[in-house]
1. Quick one: is residue 12 under 30 Å from residue 99 (Cα atoms) and surrounded by fewer than 18 Cβ atoms within 10 Å (Cβ to Cβ)?
2. Looking only at segment 169-181, how many residues end up being touching a Lys or Arg at 6+ places or on another chain (Cβ under 9 Å) and in a strand (DSSP E or B)?
3. Determine which single condition residue 150 fails, assuming it passes every other condition in (1) under 20 Å from residue 15 (Cβ atoms); (2) surrounded by fewer than 20 Cβ atoms within 10 Å (Cβ to Cβ).
4. Being among the hydrophobic types (A, V, I, L, M, F, W, C), in contact with a Ser or Thr (Cβ under 8 Å, 6 or more places away or on another chain), in contact (Cβ under 8 Å) with a residue 40 or more places away in the chain and part of a loop (DSSP other than H, G, I, E, B) is the filter here; which residues of segment 114-164 pass it?
5. Could you say whether any residue in segment 68-79 is closer than 22 Å to residue 98 by Cβ, in contact (Cβ under 8 Å) with a residue 60 or more places away in the chain and in contact with a helix residue (DSSP H, G or I) (Cβ under 8 Å, 6 or more places away or on another chain)?
6. Being touching an Asp or Glu at 6+ places or on another chain (Cβ under 9 Å), farther than 12 Å from residue 70 by Cα and among the β-branched types (Val, Ile, Thr) is the filter here; which residues of segment 27-48 pass it?
7. Go through segment 195-213 residue by residue and tally those that are farther than 17 Å from residue 32 by Cα and either touching a Ser or Thr at 6+ places or on another chain (Cβ under 9 Å) or of a type outside the set (Val, Ile, Thr) (or both).
8. What's the number of the only condition in (1) in contact (Cβ under 8 Å) with a residue 24 or more places away in the chain; (2) surrounded by fewer than 20 Cβ atoms within 10 Å (Cβ to Cβ) that residue 169 fails to meet?
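The values are calculated or read from the model by the stated rules, or taken from the named source; none is laboratory data. Quick caveat: nothing in here was measured; it's all calculated off a predicted structure. All Cβ positions, even for glycine, are placed from backbone atoms using ideal geometry, and neighbour counts span all protein chains on display.
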Amino acid sequence: MSIPQQKIWVVDYGMGNLKSVSGAFEKFGVKVVVSSDPKEGKKADKIVIPGVGAFGKAVDNLKNLGLFYEIKDQIQKGKVILGICLGMQILFETSEESEGYQGFSVIQGKVLSLKRLSENIRIPNMGWAKTKLKKNLIFDGLREEEFFYYLHSYYVEPKDKESVAIGEFVGTDDGNNENIRFVSAIHQENIFAVQFHPEKSGQTGLKIIENFLKI
C-alpha cells in the first residue's frame, strides 16, 4: 500500500523537537506544516503532537496559544492523531508532575513518576530499550520485540490497560533487575501515541511513521 497524499500538522506549542519530527515525516513526501495556528486543525488530514518537558507547562502553552480546545475538538471528531512522548502524556487526565492540571482527558488514566517503579531507576530514563509490541496497524511489519529511543521521567497508566495498551517498555533499573515495565504505546479509536521517540529510533521508528501515514 502506497502512502496517500495528505497534510500533517505538527503542533508547535513551544515544547517539541519539531525539526526532527517534521523531518521524519517529510521523508515520505507528505506535506508537513509546523505551526501554532489553531486553524491548521481543520485543514490537516492528521495531527502530530510532539513534546519534551513538563505536563503543566504543556497545558499552559496549548491554552495560551488557543490550541488546547481546537485539538481536543478535532480528536473528538475522529481526526487521526499521533502523540509522541509528552504529547502522549497530555492525552491523559492528570499527571503527578503537575498537580491541579487537566490534560486533554481523551484517554482515561493518569501519568506517574518512574520512581514508583523502582528507586534505582535512572531519571530521566534515557536511551535505547526493548519494547514489546502487540499486533496493531501502527506496528505493521515490525517484530514482537523492537528497540526504540526513550527520554522521559514519567509514564502513563491507562485506566483500561487491556483495551488501549499496544506496547510495553521492558528494561532494567540501575540495580540490573529485570523489573521495569510500563505502557509505552496506546491505541484508542483514532488516537495513537508512543512514549518513545520514533523520529530518533532509526529505520524501526520510521516504519511506525510510515504506518501512521498509511492509516
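1. no
2. Number satisfying all stated conditions: 4.
3. Condition (2) is where residue 150 drops out.
4. Of everything in segment 114-164, just one residue is among the hydrophobic types (A, V, I, L, M, F, W, C), in contact with a Ser or Thr (Cβ under 8 Å, 6 or more places away or on another chain), in contact (Cβ under 8 Å) with a residue 40 or more places away in the chain and part of a loop (DSSP other than H, G, I, E, B), namely 142.
5. Looking through segment 68-79, at least one residue is closer than 22 Å to residue 98 by Cβ, in contact (Cβ under 8 Å) with a residue 60 or more places away in the chain and in contact with a helix residue (DSSP H, G or I) (Cβ under 8 Å, 6 or more places away or on another chain).
6. 30, 32, 33, 34
7. 9
8. With respect to (1) in contact (Cβ under 8 Å) with a residue 24 or more places away in the chain; (2) surrounded by fewer than 20 Cβ atoms within 10 Å (Cβ to Cβ), residue 169 is out only on (2).
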